[in-house]
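Structure first, commentary second.
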Amino acid sequence: KIRLFPGVRDAALIGKPDARLGEVPVAVIETPDGRALDVAALDAFLSSQIARYQHPVDYKFVAALPRTNTLKVQVRELRRQFDFEPTASGAKS
């Protein structure tokens, strides 16, 4: 649903380690110039589209999502780029 918001080229959700929940969703959003969009407006838009528990806890904005040769988003690369790699215990300290 994030892709329907004006100014969004593409988006991917990645898990951010969380001590209490294990992981929480973070949206990585590709915009034409990598600039941040209006997060309050984006949250309001998503409130009308998805359940509250599905909302990302944070947004990251990039000019281009990393992709494989077959154009799939490289989720591992995004997790590495934003330092969201899980630790051996499953949550980052």
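The values are calculated or read from the model by the stated rules, or taken from the named source; none is laboratory data. Model, not experiment: these values are computed from the prediction. Every residue, glycine as well, gets a Cβ built from its backbone with ideal geometry; the counts of neighbours run over all protein chains shown. Quick note on the areas: whole protein, heavy atoms, side chains included, nothing else; ligands and nucleic acids left out. Shrake-Rupley method; radii C 1.70, N 1.55, O 1.52, S 1.80 Å.
Of note:
- Of all the listed residues (Thr31, Thr68), the sole one being under 15 Å from Leu4 (Cβ atoms), among the hydroxyl-bearing types (Ser, Thr, Tyr) and open to solvent by less than 70 Å² (accessible area, probe 1.4 Å) is Thr31.
- Condition met for Val28 (free of Cβ contacts under 8 Å to residues at least 40 places away in the same chain and in contact with a strand residue (DSSP E or B) (Cβ under 8 Å, 6 or more places away or on another chain)): no
- Test: residue in region 3-13 that is assigned to a helix (DSSP H, G or I) and either at negative phi or modelled with pLDDT under 95 (or both): yes
- Output for region 37-60, where each listed residue is open to solvent by 50 Å² or more (accessible area, probe 1.4 Å), in contact with a strand residue (DSSP E or B) (Cβ under 9 Å, 6 or more places away or on another chain) and either under 9 Å from Ile2 (Cβ atoms) or among the basic types (Lys, Arg) (or both): Lys60
- Selection count where residues are assigned to a loop (DSSP other than H, G, I, E, B) and either at pLDDT 95 or above or within 12 Å of the chain's Cα centre (by Cα) (or both), scope region 14-31: 1
- Within region 71-81, the set of residues being under 16 Å from Arg9 (Cα atoms) and either open to solvent by less than 50 Å² (accessible area, probe 1.4 Å) or in contact (Cβ under 8 Å) with a residue 60 or more places away in the chain (or both) comprises Val73 only.
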